[in-house]
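Taking it in order: structure first as structure tokens, then the write-up.
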Amino acid sequence: MEKKIDRKSNNSSYHYSQIIIHWFVALLVIYQFTFGGNIKFLEIESCIHSKTNALESCQHLNNHYLVGVIILLLMIIRLFLRILFGAPPLPKSIPLTIKIFARLSHYLIYLILFSMPFLGMYMYYFNSEISQFLHITFSKILLFLILLHICAVAFHEGVLGSKLFYRMASISKEGDK
Ligand code: HEM
Ligand code: HEM
């Protein structure tokens, strides 16, 4: 999607608010993956009803819940910013098929990051095994997409020579100076 309105700081990188949220969400997602494995589905009920939350896995669950909700809120803001500011046009040298593929994978990341908190909460409140299955399956798809995402950026930078990293790293209002 091209730039929607002329409020972006320049034409070659994302708006600085999009950049800040991208990296903040990336950190939070890494946190979810690092500690998500410590949560035990079977202990959710006892964690909810326990007054002390003494189990270490309950503390992991609480943090995971909180971080998941923060990710959801940031994704809502991010979607709003994406609609408002759009994305800078990709270099013309990049083949159309790669552009389409990149866009699809970005949309899929958005979709997964929106659905995972809801699946998590549904699993939490309704002890739903289907949600548990979907939450875990989506986390694996997300991990794959993120690894692909990092490899794609490295490939663009190192092999194709298209300066993509800059698009998500420059918060200068002056553009490529
Ligand atoms: C975008 C936000 C979220 C991400 C990226 C995320 C990611 C993950 C990951 C990577 C795991 C480990 C999966 C595995 O064991 O292979 C996990 C497990 C889990 N998540 Fe989330 N999560 C998110 C939001 C939430 C929310 C809001 C809740 C609500 C409480 C939640 C509840 C759980 C539970 C209960 C498990 C343990 C499932 C099990 O192993 O049986 N998650 N999550
Ligand atoms: C770890 C979690 C990460 C997630 C969930 C994530 C997600 C995303 C999404 C959804 C976009 C599309 C933005 C949009 O058009 O609205 C994007 C763009 C981008 N990301 Fe990430 N990202 C992550 C990590 C990284 C890392 C580690 C790098 C560095 C290698 C990176 C570099 C970039 C770059 C350069 C772009 C801009 C690509 C372009 O201009 O088309 N991301 N990211």
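Just so it is clear, none of the values below were taken in a lab; they were calculated from the coordinates. Source: prediction; values computed, not measured. Here Cβ is always computed from backbone atoms with ideal geometry, including for glycine, and neighbour counts include all displayed protein chains.
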If r is the Cβ-Cβ distance from L42 to L160 and R0 is 41 Å, what FRET efficiency results, to the nearest 0.05?
-> 0.30
Within the set L113, L42, L147, GNM on the chain using Cα springs under 10 Å gives the largest fluctuation to L42
Measure of size requested: the Rg and Dmax of the stretch 94-159, with Cα atoms as the atom set and Å as the unit; please supply both.
-> 15.0, 48
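In the stretch 113-177, which GluC sites (Glu not before Pro) are in a loop and have at most 10 other Cβ atoms within 10 Å, using DSSP for the loop call? Before the final figure, lay out each step's value.
Details: sites: E129, E157, E174; in loops: E174.
Of the GluC sites (Glu not before Pro), the ones in loops of the stretch 113-177 whose Cβ has at most 10 other Cβ atoms within 10 Å are E174.
Among V25, V69, V159, what is the fewest-to-most ranking by other Cβ atoms within 10 Å? Kindly include the intermediate steps, with their values, before the conclusion.
Numbers: V25 18, V69 13, V159 8.
Fewest-to-most ranking of V25, V69, V159: V159, V69, V25.
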Within the chain, how many Lys pairs sit with Cα atoms under 18 Å apart, leaving out pairs fewer than 8 places apart on the same chain?
-> 12
Where no second cysteine Cβ lies under 4.7 Å, the cysteines concerned in the chain | C151
Contour minus Cα-Cα distance for I171 and A26 (0.36 nm per residue) | 50.5 nm
Simple SL model, points at 7 angstrom along Cα→Cβ for V153 and I77; separation in nm is 1.9
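Would you calculate, for the chain, the mean residue ellipticity at 222 nm contributed by helices, counting each DSSP H stretch of 4 or more residues as -39,500 (n - 2.57) and dividing by all residues, to the nearest 500? Don't skip to the answer; put the middle values down first.
Details: 5 runs with 115 residues, N = 177.
So the helix-based figure for the chain works out to -23000 deg cm²/dmol.
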Relative to the longest principal Cα axis of the chain, at what angle does helix 56-85 sit, 0 to 90 degrees, rounded to 10?
-> 30
Scoring the stretch 21-149 by relative contact order with C-alpha pairs under 8 Å, at least six apart, yields a percentage of 24
Quick one: angle between helix 96-126 and the longest Cα principal axis of the chain, in degrees between 0 and 90, rounded to 10, please.
-> 20
Tilt relative to the chain, helix 129-155 - C-alpha long axis, 0 to 90 degrees, to 10 = 30
Could you give the spread of the C-alpha atoms of the chain along their three principal axes, from largest to smallest, in whole angstroms?
-> 56, 29, 23
Rough spin-label spacing in nm, given labels placed 7 Å along Cα→Cβ, for T97 and F118 = 3.4
